[in-house]
Amino acid sequence: MGVNVEECEALASAVTASGLVLQVGTMRRFDPNIAYARDFIAEQIGEVLAMRAWYCDSTYRYEMTDTLQPLAYTSQTPVRAEGNPKANRRRYYLLGHASHLVDTAQFLCGEIVSVRAQLAEKYGAFSWFISTEFADGSMGHLDLTMSVRMDWFEGFHVYGEHGSVVAKAFQPWHLRAAEIECFSVADSSYHRPLGADSHFFRRQVEGFADTILTGAPQAGADAHEGLAVVRTLAAIDRSLSTGDTVKVADLAGAV
């Protein structure tokens with residue numbers, strides 16, 4: 001939602017004062033099968049013990065994207081903003097990619113209250129391993145790797161008192177719903193939703209409009225959830241600098 005905590009706090013306050021709707025563009029919430037998993041976790045799994053999630057971009061992503069999207073043609077004299085947001089890759093990857101990973105984790109399992117992060121950087125690739133503590137006392141492990149020498153690799157596991165969830169997600173522009181298996185102790189069975197309408201980019205715009213026009217409950221991340229993600233990203237960055245476990249609520253400043 002922003003690049004530092006203070007601007008996100010100001011934006012969240014402005015939203016509250018105005019009564020307007022703000023929705024952050026984290027589209028995985030609109031994958032119907034990930035939404036199904038979230039409801040299963042909330043309603044059937046009981047206490048959550050642990051979760052792990054991973055977001056591993058592929059070195060082939062642009063080759064794949066070029067086969068899925070119309071090619072972009074640009075002028076010979078394009079007008080660009082000053083600076084290069086990708087000049088600092090570590091910061092760019094946290095803001096542009098870890099934001100999705102953190103939002104999915106909080107969408108599924110609630111508020112992250114502390115983090116401890118490690119980073120490996122080799123041959124131009126980056127891999128963050130992030131230990132997390134959730135507000136309910138469960139623990140988590142987040143893996144952000146930019147980029148793997150294979151296909152896009154994204155998914156999560158959630159382990160609970162009365163069941164578990166296993167998920168595999170795909171390169172977003174395939175518009176393919178995640179493969180989800182929810183195991184329930186109640187009937188000793190796996191439940192696998194189809195997710196036929198999986199155009200989550202269109203679905204997030206429709207959800208945003210529905211909240212504005214009809215007052216429907218907001219399915220997308222709101223301003224306070226967007227703030228929580230940026231605060232968590234800042235905590236991850238701080239943990240890398242100090243080597244310590246960092247309380248998310250204490251964080252201010254930029255990523």
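The values are calculated or read from the model by the stated rules, or taken from the named source; none is laboratory data. Being a predicted model, the structure only gives us computed values, none of them experimental. Using ideal geometry, Cβ is built from the backbone for each residue, glycine included, and neighbour counts are taken over all protein chains shown. Side chains included, ligands, DNA and RNA excluded: accessible areas come from the protein's heavy atoms. Shrake-Rupley method; radii C 1.70, N 1.55, O 1.52, S 1.80 Å.
Peptide packing for 214-221, 91-98, 186-193 was compared via the average number of neighbouring C-beta atoms within 10 Å per residue; ordered from the highest value, the list is 91-98, 214-221, 186-193. Evaluating 6.51 cos²θ - 1.76 cosθ + 1.60 at θ = phi - 60° for every residue in segment 37-47, the Karplus couplings come out as 4, 4, 5, 4, 4, 5, 9, 10, 7, x, 5 Hz, glycine and proline recorded as x. Taking a straight Cα-Cα cut-off under 20 Å and skipping sequence neighbours fewer than 8 places away in the same chain, the lysines within cross-link reach of LYS86 are LYS122. Counting every pair of alpha carbons in segment 139-255, the share spaced more than 20 Å apart comes to 65 percent. Scalar couplings 3J(HN,Hα) for segment 76-84, obtained by applying the Karplus form with A = 6.51, B = -1.76, C = 1.60 to θ = phi - 60°, are 6, 10, x, 9, 10, 5, 5, x, 10 Hz; x denotes Gly and Pro. Surface composition of the chain: carbon plus sulfur atoms hold 53% of the accessible area, using a 1.4 angstrom probe and ignoring ligands, DNA and RNA.
Exposure check, 1.4 Å probe, all protein chains in place: THR26 carries approximately 10 Å² of accessible surface.
What number, in nm² with one decimal, is the all-direction average of the projected area of the convex hull of the alpha-carbon atoms of segment 72-228? For the Cα atoms of segment 72-228, the hull's average projected area reads 13.7 nm². Scalar couplings 3J(HN,Hα) for segment 16-25, obtained by applying the Karplus form with A = 6.51, B = -1.76, C = 1.60 to θ = phi - 60°, are 4, 5, 8, x, 7, 9, 10, 10, 7, x Hz; x denotes Gly and Pro. Straight-line reach from LYS168: which aspartates and glutamates fall under 15 Å, measuring Cα to Cα and dropping same-chain residues less than 8 apart? Those aspartates and glutamates meeting the cut-off are ASP31, ASP57, ASP143, ASP151, GLU154, GLU179, GLU181. Taking other residues whose beta carbon is less than 11 angstrom from the beta carbon of GLU225, and scoring Lys, Arg as +1 and Asp, Glu as -1, yields -1. With all protein chains kept in place, the per residue accessible area of segment 67-198 amounts to 58 square angstrom at a probe of 1.4 angstrom.
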